[in-house]
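Encoded as structure tokens, the structure appears first; notes follow it.
The values are calculated or read from the model by the stated rules, or taken from the named source; none is laboratory data. The structure presented is a predicted model; accordingly, all values stated were derived computationally and were not measured. Heads up, the Cβs are rebuilt from the backbone with ideal geometry, glycines too, and the neighbour counts pull from every protein chain shown. All accessible areas refer to the heavy atoms of the entire protein, side chains included, with ligands and DNA or RNA removed. Shrake-Rupley method; radii C 1.70, N 1.55, O 1.52, S 1.80 Å.
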Amino acid sequence: MTEQDRTKVQRGQARERIVAAATNLFGRQGYEATTTRQIVEAAQVTKGALYHWFSSKEELLTSIYRELLAEQTQRLEAITAADGPADVRLSRAVTDLFAHMDDHAEPLTVWARSMHLVAGEHAAAVRAERRRYQHLFQDLVEEGQKAGVFRADVAASVITNTFLSSVVQIHRWFHADGPLTRRELGTQMVSLFLDGVRVA
């Protein structure tokens with residue numbers, strides 16, 4: 001490995017430590033109560049390293065979510081582009097969404113609790129990327145309606161927004177030490193959602 005490659009690896013590891021430390025601190029004590037100094041100390045990096053990757057604490061929070069949202073969107077794109085009936089692909093999409101949420105529960109919960117604190121260009125970027133995910137999801141619902149497998153008496157936009165809004169609110173009432181695991185919760189919500197949109 002060349003010195004240049006070694007430097008890239010070290011920088012990448014530093015970024016990973018920053019993201020992990022920030023996620024942990026935001027989750028434990030809240031976004032507003034966490035300082036960049038605390039993040040730097042927890043990640044064992046210099047303040048210069050943090051600002052090499054992120055211009056502000058707000059950008060750091062937003063970046064954590066945007067990377068996960070981009071991953072979710074790529075997975076949804078692959079599912080919607082695959083062969084098969086629309087109802088089968090929608091089932092895969094919502095099941096995969098909950099699986100992804102379970103795999104990244106901590107950072108997604110941090111974002112859900114803190115997103116109202118993000119404004120300006122960072123908020124605009126998130127809204128644009130969320131619209132991309134929403135449009136892909138809604139297009140799949142509309143495809144199912146045209147194929148006659150989903151009920152058409154409710155607009156695809158209403159179906160899409162109702163479901164995705166309920167997903168965003170999970171952090172408000174779900175408790176990890178409750179009677180259901182996140183995977184079990186996902187299974188029940190998938191069943192409830194699909195039974196509600198399929199033609200009887």
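Would you please list the contacts, defined by Cβ atoms under 8 Å and residues six or more apart or on different chains, that run from a residue in region 113-131 that is touching a residue at least 40 places away in the same chain (Cβ under 8 Å) to a residue that is among the aromatic types (Phe, Trp, Tyr) and open to solvent by less than 60 Å² (accessible area, probe 1.4 Å)?
Cβ pairs passing all conditions: Arg113/Tyr31; Ser114/Phe26; Ser114/Tyr31; Met115/Tyr65; Leu117/Tyr31; Val126/Tyr65.
In region 158-200, which residues are in a helix (DSSP H, G or I), open to solvent by 30 Å² or more (accessible area, probe 1.4 Å) and of a type in the set (Val, Ile, Thr)?
Result: Val158, Thr162, Val168, Thr187.
List pairs: first in region 152-167 and hydroxyl-bearing (Ser, Thr, Tyr), second open to solvent by less than 40 Å² (accessible area, probe 1.4 Å), Cβ under 8 Å, 6+ apart or cross-chain?
From residues that are hydroxyl-bearing (Ser, Thr, Tyr), the pairs are Ser157/Gln138; Thr160/Phe137; Thr160/Gln138; Thr160/Val141; Ser166/Met189.
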